[in-house]
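**Q** Pasting a structure below so you can have a look.
Bear in mind these aren't lab numbers, they're just calculated from the coordinates by the rules spelled out. For clarity, every value in this text was computed on a predicted model and none was experimentally measured. Here the Cβ positions follow ideal geometry from the backbone for every residue, glycine too, while neighbour counts run over all protein chains shown.
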Amino acid sequence: MTRALIAVSAASNRSKAGQDPATWLPPAAGYRCQYVTDWAADETRWGLTVDTTERDALAGQLSRCPDTPVTVTLAR
């Protein structure tokens with residue numbers, strides 16, 4: 001799966017700032033599953049560390065997305 005940046009309003013971009021899913025989720029509830037699956041896949045792809053709070057937040061959100069696959073392409 002190819003991921004791309006998503007155009008958002010300046011206000012939405014400012015509200016997120018540098019936060020992770022433990023402290024920020026998209027205001028559009030219908031987009032949250034896509035957001036957290038993309039986040040988890042990107043963290044895995046690049047071997048980034050995930051702290052306990054972020055991991056718990058991701059797990060909680062992903063549990064609400066039982067039919068949304070997380071597809072990872074590992075970086076070379």
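**Q** Which value in deg cm²/dmol, rounded to the nearest 500, describes the helix-derived mean residue ellipticity at 222 nm for the chain, given -39,500 (n - 2.57) per DSSP H run of n ≥ 4 and division by the residue count?
**A** Per the formula, -12500 deg cm²/dmol.
**Q** Which of these, ARG14, ARG32, ARG64, has the largest mean-square fluctuation under a Gaussian network model of the chain (Cα springs below 10 Å)?
**A** ARG14
**Q** In cubic angstrom, how much convex hull volume per residue do the alpha carbon atoms of the chain span?
**A** Measuring per residue, one finds 100 Å³ for the Cα hull of the chain.
**Q** Continuing with this model, one more query. Please report, in debye to the nearest 20, how large the charge dipole of the chain is about its Cα centre when each Lys and Arg carries +1 at its beta carbon and each Asp and Glu carries -1 there. Mind showing how you got there, number by number?
**A** Working: 8 positive and 8 negative charges, 45 e Å.
Magnitude of the dipole: close to 220 debye.
**Q** Right, next: Going 7 Å from the Cα of ALA75 in the Cα-to-Cβ direction, what parts of segment 22-65 have a backbone nitrogen less than 14 Å from that spot?
**A** What the label zone holds, given the 14 Å backbone N cut-off, is 41-50.
**Q** What does the charge add up to near PRO21, with Lys and Arg as +1, Asp and Glu as -1, over the other residues with Cβ less than 14 Å from its Cβ?
**A** Within the 14 Å Cβ shell, the charges total -3.
**Q** Same structure again: Between ALA11 and ASP56, what length comes free when the chain is fully extended (0.36 nm per residue of separation minus the Cα-Cα distance, one decimal in nm)?
**A** Working: separation 45, 0.36 × 45 = 16.20 nm, distance 2.68 nm.
Gain on stretching ALA11 to ASP56: 13.5 nm.
**Q** Quick one: net charge around LEU62, please, counting Lys, Arg +1 and Asp, Glu -1 for every other residue with C-beta under 13 Å from its C-beta.
**A** Residues close to LEU62 contribute a combined charge of -2.
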